[in-house]
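A.B. asks: Just passing along the structure, written as structure tokens.
The values are calculated or read from the model by the stated rules, or taken from the named source; none is laboratory data. Just so we're clear, the structure is a prediction, and the values are computed from it rather than from any experiment. FYI the Cβ positions are ideal-geometry reconstructions off the backbone, even for glycines, and counts take in every protein chain you see.
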Amino acid sequence: MTPGFLISFEGSEGCGKSTQIQRLRARFEALGRTVEILREPGGTVVGEHIRHLLQHTPEVTNLTPEAELLLFAASRAQLVREKIRPMLEAGHVVVLDRFLDSTTVYQGIARGLPLESVYAITRFAVGGTLPHLTLVLDMSAEAAWQRIQATGRELDRMESQPLEFFDKVRQGYLHLAVEQPDRMVVLDAAQTPEAVEAQIWKLVEERCHALQS
Ligand code: TMP
């Protein structure tokens, strides 16, 4: 059977993940592959409730960083077992809009929770299911900030963080990518969507050669 393949997209708000995910889906589908797109937090009934609680519940004004970490981890633990593993076993391409690196960066590096605790909880949640490839769409905190503001819609809890928070997020991703070059690749998200798409596809072809056969 064709092997399943797990790709995660990471990056700050406004970096263009959604556009690139749709373009990647189209590329894979043109090859006859089944593509499943899942988002975090969310992707399951439990996960979507957690997403709503984390992002769109105005009464949630005093969530502690520790509770936030555990809620993201709970959503992920459910997603891995309910969706990701069965889809990979069925030979599908699974594309994740955020995964474990978001927790390391947002809760660990940007919120400042102890990294060893963050890693231990994340490892427990994913239980060994790691992406084959992680694409980090990198852009300056200022540019990301401007893109968020330009949407004109009401900002959620995370989007309302100060600019310094987004800079920590960016630096966090760059740091992780240096530590894990076999899995993580940084792409300049300030390029045109076409240029980013072409680079992503080249990487996928190089790294997932077995998939094309
Ligand atoms: P998104 O819809 O832009 O992906 O929003 C998800 C938000 O949640 C985004 O601000 C990043 C944040 N987040 C974390 O802080 N930790 C996590 O583990 C995940 C998956 C997301």
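A.B. asks: Considering each residue of the range 3-38, count those that are surrounded by fewer than 16 Cβ atoms within 10 Å (Cβ to Cβ) and touching a Gly at 6+ places or on another chain (Cβ under 7 Å), and give that number.
C.D. replies: 1
A.B. asks: Of everything in the range 19-34, what is at pLDDT 95 or above and among the aliphatic types (A, V, I, L, M)? Give them in sequence order.
C.D. replies: Scanning the range 19-34 gives 21, 24, 26, 30.
A.B. asks: Out of (1) in contact (Cβ under 8 Å) with a residue 12 or more places away in the chain; (2) within 30 Å of residue 190 (Cα to Cα); (3) not polar (S, T, N, Q), what's the single condition that is false for residue 153?
C.D. replies: Single failed check for residue 153: (1).
A.B. asks: Still on this structure, I have one more. Provide a single number: the residues in the range 66-81 that are more than 10 Å from the ligand (Cβ to nearest atom) and either of a type in the set (Ser, Thr, Tyr) or more than 14 Å from the chain's Cα centre (by Cα) (or both).
C.D. replies: 7
A.B. asks: So which pairs qualify, if the first residue must be in the range 62-77 and closer than 18 Å to residue 115 by Cβ, the second must be in a helix (DSSP H, G or I), the Cβ gap must be under 6 Å, and the two must be at least 6 apart or on different chains?
C.D. replies: Pairs that qualify, where the first residue is closer than 18 Å to residue 115 by Cβ and the partner is in a helix (DSSP H, G or I), are 69/107; 72/103; 73/121; 73/125; 76/125.
A.B. asks: Would you point out the residue of the range 96-111, among those that are of a type in the set (A, V, I, L, M, F, W, C) and surrounded by fewer than 24 Cβ atoms within 10 Å (Cβ to Cβ), that is farthest from the ligand (Cβ to nearest atom)?
C.D. replies: Going through the range 96-111, the residues of a type in the set (A, V, I, L, M, F, W, C) turn out to be 96, 99-100, 105, 109-110.
Filter once more, so that each one left must be surrounded by fewer than 24 Cβ atoms within 10 Å (Cβ to Cβ): 109-110.
Details: 109: 11, 110: 8 Å.
Here the answer is 109.
A.B. asks: Between a residue in the range 1-28 that is more than 17 Å from residue 143 (Cβ to Cβ) and any residue that is at pLDDT 95 or above and of a type in the set (Ser, Thr, Tyr), which pairs come within a Cβ distance under 7 Å, given they are 6 or more apart or on different chains?
C.D. replies: Close Cβ pairs (under 7 Å, with a partner that is at pLDDT 95 or above and of a type in the set (Ser, Thr, Tyr)) amount to 8/134.
A.B. asks: If I ask for residues that are within 15 Å of the ligand (Cβ to nearest atom), without any contact (Cβ under 8 Å) to a residue 24 or more places away in the chain and outside any helix (DSSP H, G or I), which ones from the range 40-61 would you list?
C.D. replies: In the first step, residues of the range 40-61 are kept if they are within 15 Å of the ligand (Cβ to nearest atom); the result is 40-44, 46-57, 60.
Among the residues that remain, those that are also without any contact (Cβ under 8 Å) to a residue 24 or more places away in the chain are: 48-49, 52-53, 57.
Listed by number, the list holds a single entry, 57.
A.B. asks: Give me the pairs, please: first residue somewhere in the range 87-109 and touching a residue at least 60 places away in the same chain (Cβ under 8 Å) and in a helix (DSSP H, G or I), second residue anywhere and among the aliphatic types (A, V, I, L, M) and near the ligand (Cβ under 9 Å from one of its atoms), beta-carbon distance under 6 Å, and either six or more positions apart or on two chains.
C.D. replies: Taking only residues 6 or more apart or on different chains, the pairs are 105/169.
A.B. asks: Separate question: Looking at 121, 84, 37, can you tell me which residue is under 21 Å from residue 12 (Cβ atoms) and either modelled with pLDDT of 95 or more or within 14 Å of the ligand (Cβ to nearest atom) (or both)?
C.D. replies: Values: 121 fails: under 21 Å from residue 12 (Cβ atoms); 84 fails: under 21 Å from residue 12 (Cβ atoms).
Of the residues listed, the single one that is under 21 Å from residue 12 (Cβ atoms) and either modelled with pLDDT of 95 or more or within 14 Å of the ligand (Cβ to nearest atom) (or both) is 37.
A.B. asks: Residues of the range 16-34 being more than 9 Å from the ligand (Cβ to nearest atom) and either charged (D, E, K, R) or under 18 Å from residue 195 (Cβ atoms) (or both), which ones? Spell out the reasoning first.
C.D. replies: To start, the set of residues in the range 16-34 that are more than 9 Å from the ligand (Cβ to nearest atom) comprises 16, 19-34.
Of everything in the range 16-34, those that are more than 9 Å from the ligand (Cβ to nearest atom) and either charged (D, E, K, R) or under 18 Å from residue 195 (Cβ atoms) (or both) turn out to be 16, 19, 20, 21, 22, 23, 24, 25, 26, 27, 29, 33.
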